[in-house]
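Worksheet for the structure shown next.
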Amino acid sequence: MTLLDGRSNLLTIDGPAGVGKSSVARRVADRLRFFHLDTGAMYRTVTLAALRAGVDASRVSEAALAPVVREFVIGRRMRVGGGGRVWLDGEEVSDEVRGAAVTALVSPVSALPSVRAALVDWQRELGEEEAARYGGVVVEGRDAGSHIFPHARWRFYLDASLLERARRRLRQAAGSVEDPHELTTTMESLAQRDRIDRERAVAPLCVPDGAMVLDTTHLAIGEVVEAICAAVQPAAEPPPPERAP
Ligand code: DC
């Protein structure tokens, strides 16, 4: 049984790096029986394609990426599954795209207008297709509610302090939150990604119009999931039957 009525049920979750979007989006999608579309995984896959084509950090530019992007889109080299699973040229790369090499390069790559233009149409297409198939989609990203689906039925923005996001990142990577050096390095790299994601010219990270903002600094994942599902649920209740005159 789906909880909702099967119309274009799009629910977007945006927020900065390390805030816990993926864990929350996955659980919300499970609860609602929606498809979970992780748009960050798509930017990571283009970045992996660029790395495999020999583009390195010092050469990230429109000119260097143009052939990769053209071939990537025309050849439809990526396949996108639910829950952030991705394939490049038929090979599953879901783990590889979350590794250090891709993470170091993904923000500058995803700031390029040609890369964004190539992926946004693909994301809209996937969102509509999977919403029709599953009854709804949880779309996770940086511009999901502000740019990809500005008319999504539900829009959420998750935030948390930089320190808390660094702690979450380290726990996820089995690093030590007690080690001040590791904590500082992680905070610096998150702050740098935040800056690139917020300051880029096209579809920067921002709070979408009308989004519900949740400061998750002092909330556990389960509490964030509950807050989102509670906000969705009343809207999902079927209207009361009309009374006979
Ligand atoms: O959520 P993530 O860490 O997997 O995202 C990786 C990068 O992709 C992030 O630094 C910014 C970019 N991104 C984006 O620009 N727009 C999106 N909708 C999703 C991710």
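The values are calculated or read from the model by the stated rules, or taken from the named source; none is laboratory data. Keep in mind that this is a model prediction, so the values were computed, not measured. Please note: Cβ atoms are built from the backbone with ideal geometry, for glycine as well, and neighbour counts cover all protein chains shown.
Restricting to segment 103-142, name every residue that is assigned to a helix (DSSP H, G or I), of a type in the set (Gly, Ala, Ser) and more than 9 Å from the ligand (Cβ to nearest atom). Even if it seems obvious, please write down each step before you answer.
Within segment 103-142, the first condition is being assigned to a helix (DSSP H, G or I), and the residues that meet it are 103-110, 113-134.
Remaining after also requiring of a type in the set (Gly, Ala, Ser): 104, 107, 110, 114, 117-118, 127, 131-132.
If the condition is that a residue be assigned to a helix (DSSP H, G or I), of a type in the set (Gly, Ala, Ser) and more than 9 Å from the ligand (Cβ to nearest atom), then Ala104, Ser114, Ala117, Ala118, Gly127, Ala131, Ala132 are the ones that fit.
Please specify each residue of segment 165-188 satisfying the condition of being within 16 Å of the ligand (Cβ to nearest atom) and either buried (at least 17 other Cβ atoms within 10 Å of the Cβ) or in contact (Cβ under 8 Å) with a residue 60 or more places away in the chain (or both).
Result: Arg165, Ala166, Arg168, Arg169, Leu170, Thr186, Met187.
Pick out the one residue from Ala41, Ala66 that is in a helix (DSSP H, G or I), in contact with a helix residue (DSSP H, G or I) (Cβ under 7 Å, 6 or more places away or on another chain) and more than 18 Å from Gly141 (Cα to Cα). Give the steps one after another, and end with the answer.
On the way: Ala41 fails: more than 18 Å from Gly141 (Cα to Cα).
Every option except Ala66 fails the conditions.
Only one of Gly54, Gly83 is outside any helix (DSSP H, G or I) and of a type in the set (Gly, Ala, Ser). Can you tell me which?
Values: Gly83 fails: outside any helix (DSSP H, G or I).
Among Gly54, Gly83, only Gly54 is outside any helix (DSSP H, G or I) and of a type in the set (Gly, Ala, Ser).
Which numbered condition in (1) within 13 Å of the ligand (Cβ to nearest atom); (2) modelled with pLDDT under 95; (3) not basic (Lys, Arg) is the only one that Ile148 fails?
Looking at each condition in turn, Ile148 falls short on (2).
Which of the residues belonging to segment 147-186 are farther than 21 Å from Val137 by Cα and among the hydrophobic types (A, V, I, L, M, F, W, C)?
Of everything in segment 147-186, those that are farther than 21 Å from Val137 by Cα and among the hydrophobic types (A, V, I, L, M, F, W, C) turn out to be Ala160, Leu162, Leu163, Ala166, Leu170, Ala173, Ala174, Val177, Leu183.
Just a yes or no: is a residue in segment 32-52 away from the ligand (no atom under 16 Å from the Cβ) and farther than 30 Å from Val224 by Cβ?
yes
Tell me which of these Phe156 doesn't satisfy, since it passes every other one: (1) within 16 Å of the chain's Cα centre (by Cα); (2) part of a helix (DSSP H, G or I).
(2)
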